[in-house]
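Heads up: the structure comes next, in structure tokens.
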């Protein structure tokens, strides 16, 4: 069979992805098979492929391809999220570049532009996922703003409202002045930043020179002050309790309040109260009936109520107010401090606390249900340590009602119509009008106006496991087949945003959609297992982002290393839940620094490709099997069986990184380095029996590796033997482990160790690897069982170690260099005199070195922080070093 001389990943990837698509291998329709279902965490329609996407979707593809090989009806549903804030910002920016203002064209026209933008750019990330090898059922691609999914959101809103779980209220909220919309607490990112505390004096009413000094980080809000608070036990201010102060600049007289909320240790121990611009101040204002004076408009500029700095941005106003306070003599001091600043996740604007009228969903009962779903084990987290974070977020003390409205146009418009102060919630305007006419006969449609706001993006994606199967429509066939889904793969950073809310939705709506009998049998939960990936970070442990310039170009990585190489690189350091430290290739002029992990993956592809070239280069003949090849084949079969069982266990435990590393060792070391070398014919002619056995093992290796590295495995699979149409690796049958043969593995390990020792001696003493040597082994029951019972053992040792004779002896021969052979001693006979005293000294010196090395490894493994935070592959490598060192020490001690 003709095999190309080099492996070209780009050509192979294009060929096989097109082949898989042409054969509809990714397609899923309900049938008699057991379903296995994954719904993709829908990337933002604005998005392009980045490192987090690559890791997340690699994990999903591994799980879906494994299920396909298990014979299940594998369904991976792709789709995108409309991403209200991010998308609207991009559309507004594009219109602005064309000289168009959003406010000038109206809602309907704006939506046309938004959908046009979505059609132009919205599918980019899904196309990029194909380059990674993602085997989604692309015919099922969904979009959260498509008609059916839009309708599902509206139905849910109406149901929740009628069930008394939605309400409208004026609350202190997080406001994004750039996007000009409210944000949930989870959409605000808090970071420690440098700031200033401005010490400002407030004159006691009725005095000329008696002041209380307040420390504030926001002097621009002084004009909105309606009170001043001190701690009731603070002796410094005891005499002022019950009196009043005059607010600087505006000369407003406000009360001094004593309240336990005030921290006497912070600043000056006196707190100015600005109910309109701080959530805690708002609560104090409510408690004491203080006036609410809103001096900052929606765009972050000062309004007429501020009296000063009107029209200026709040941060420009701060500079102006500080200048005025200096002129009035009321600015006492400025001190630097570190403070937590909340910024919008989408626009990075500093969030402004603002009193707004919003829609909220009651969360107390719903959150309790979602918490019970995980703590009871109905939904399992991997790693299970994530349950602690989940429990903390859903703790009744931490849960707040969900603000579901957003002041945007791009999104599902809230289905609420108003007539004066009355609200009518319905799925359509006609239904709302009909409802309103019960109270006001003769009412016209023009008498009602619909809510201008849209729903939070997460209010559509929380329905994702049900809505993608049209569960809120009339036909429930697909939902009943695919629900509950099996696995969810996502980052822990959206555990509350999305994971918790999907669980809430599952328990809230599944029984209404599928019936009590169904959920009693199958469960309400939207998925059974959640695999949390970690954050992809750079070598400084910073989250990768475009703004920091530390994120590599994902498409460039795929071009350089190939999809399989990148998948290997990502996964080899990606234990569930742990952050991934990725030594990203960063731009350096026109060159790229190599990523070691991806490069290792690329080399692994070449190793597999060249192993096949080696086998295909042999001439197959009908002759007796060589004893060494026969034993090696029995051993590789035993090794393969043991590995299948191990990989099955690791995948079942969601330890995918370890599973891939296990396969890497089996293929690179056991199959390529040991087995192929053992069966490699000196004359280029191999027996048909050995060849067929090698091909059979190679085929199973490709199936096992296929979920992790699909392209190289499909390519080599087809080169191993001629295939009929449709006999592809992607739809092969996952190998089943036969009964293990531990005794054979144990005996063969002794032979491997002996060969390794012989090779080490050759390297240390400069002896050519082609120079024949002799071996003697002390005779015992153990050595006879290894060497005497099977001709293949001595044949293998002679071939691999380049040995002329192997004798069983009762006494140590002259010029014999001793080493351990299992529980016995072997002697490598050299063509020079052996100084045993010198060898003992060298052995003792090596023992000292190894013991020091072992202490260092054990210290590292004894560090709980290292074990908890380092990638599994790194920890596993350290443990392997530990075990190897312990084994060598024991061996050398026994030899002495």
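Out of all the residues in the stretch 649-659, is one or more at pLDDT below 95, crowded, with 16+ Cβ neighbours inside 10 Å and on the phi > 0 side of the Ramachandran plot?
yes
Could you pull out every one of the strands (runs of 3 or more DSSP E) wholly within the stretch 219-325 that has 1 or more residues that are crowded, with 17+ Cβ neighbours inside 10 Å and either under 47 Å from the mean Cα position of the chain (by Cα) or at pLDDT below 95 (or both)?
227-230, 270-273
If you check residue 799 against the conditions, is it crowded, with 16+ Cβ neighbours inside 10 Å, touching a helix residue (DSSP H, G or I) at 6+ places or on another chain (Cβ under 6 Å), in contact (Cβ under 8 Å) with a residue 24 or more places away in the chain and within 30 Å of residue 646 (Cα to Cα)?
no
So that you can scan it fast, the table gives a plain yes or no per residue for (1) closer than 17 Å to residue 656 by Cβ; (2) in a loop (DSSP other than H, G, I, E, B):
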{"position": "25", "(1), (2)": "no, yes"}
{"position": "32", "(1), (2)": "no, yes"}
{"position": "37", "(1), (2)": "no, no"}
{"position": "48", "(1), (2)": "no, yes"}
{"position": "55", "(1), (2)": "yes, no"}
{"position": "60", "(1), (2)": "yes, no"}
{"position": "67", "(1), (2)": "yes, no"}
{"position": "75", "(1), (2)": "no, no"}
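Among 475, 470, which is without any contact (Cβ under 8 Å) to a residue 12 or more places away in the chain, within 23 Å of residue 140 (Cα to Cα), assigned by TED's automatic domain parsing to the domain that holds residue 152 and more than 26 Å from the chain's Cα centre (by Cα)?
The match here is 475.
Can you say whether residue 707 is out of contact with any strand residue (DSSP E or B) (no Cβ under 8 Å at 6 or more places or on another chain), touching a residue at least 12 places away in the same chain (Cβ under 8 Å) and buried (at least 21 other Cβ atoms within 10 Å of the Cβ), as far as the supplied structure shows?
Judged against the criteria, residue 707 is a match.
For the condition more than 29 Å from residue 340 (Cα to Cα) and free of Cβ contacts under 8 Å to residues at least 24 places away in the same chain, what is the one hit in 141, 210?
210
Which one of these is touching a helix residue (DSSP H, G or I) at 6+ places or on another chain (Cβ under 8 Å) and surrounded by fewer than 22 Cβ atoms within 10 Å (Cβ to Cβ): 700, 765?
700
If I filter the stretch 715-750 down to residues being assigned to a loop (DSSP other than H, G, I, E, B) and surrounded by 14 or more Cβ atoms within 10 Å (Cβ to Cβ), which single residue comes out as modelled with the lowest pLDDT?
Going through the qualifying residues, I end up with 740.
Would a scan of the stretch 145-165 turn up a residue that is assigned by TED's automatic domain parsing to the domain that holds residue 50, under 30 Å from residue 555 (Cβ atoms), touching a helix residue (DSSP H, G or I) at 6+ places or on another chain (Cβ under 8 Å) and not in a helix (DSSP H, G or I)?
Looking for residues that are assigned by TED's automatic domain parsing to the domain that holds residue 50, under 30 Å from residue 555 (Cβ atoms), touching a helix residue (DSSP H, G or I) at 6+ places or on another chain (Cβ under 8 Å) and not in a helix (DSSP H, G or I), one finds at least one in the stretch 145-165, hence yes.
Let me spell it out: the conditions are (1) free of Cβ contacts under 8 Å to residues at least 60 places away in the same chain; (2) farther than 25 Å from residue 843 by Cα; (3) touching a helix residue (DSSP H, G or I) at 6+ places or on another chain (Cβ under 7 Å), and residue 808 meets all of them except one. Which number is the exception?
(2)
The values are calculated or read from the model by the stated rules, or taken from the named source; none is laboratory data. Because the structure is predicted, anything quoted here is derived from the model rather than measured. Please note: Cβ atoms are built from the backbone with ideal geometry, for glycine as well, and neighbour counts cover all protein chains shown.
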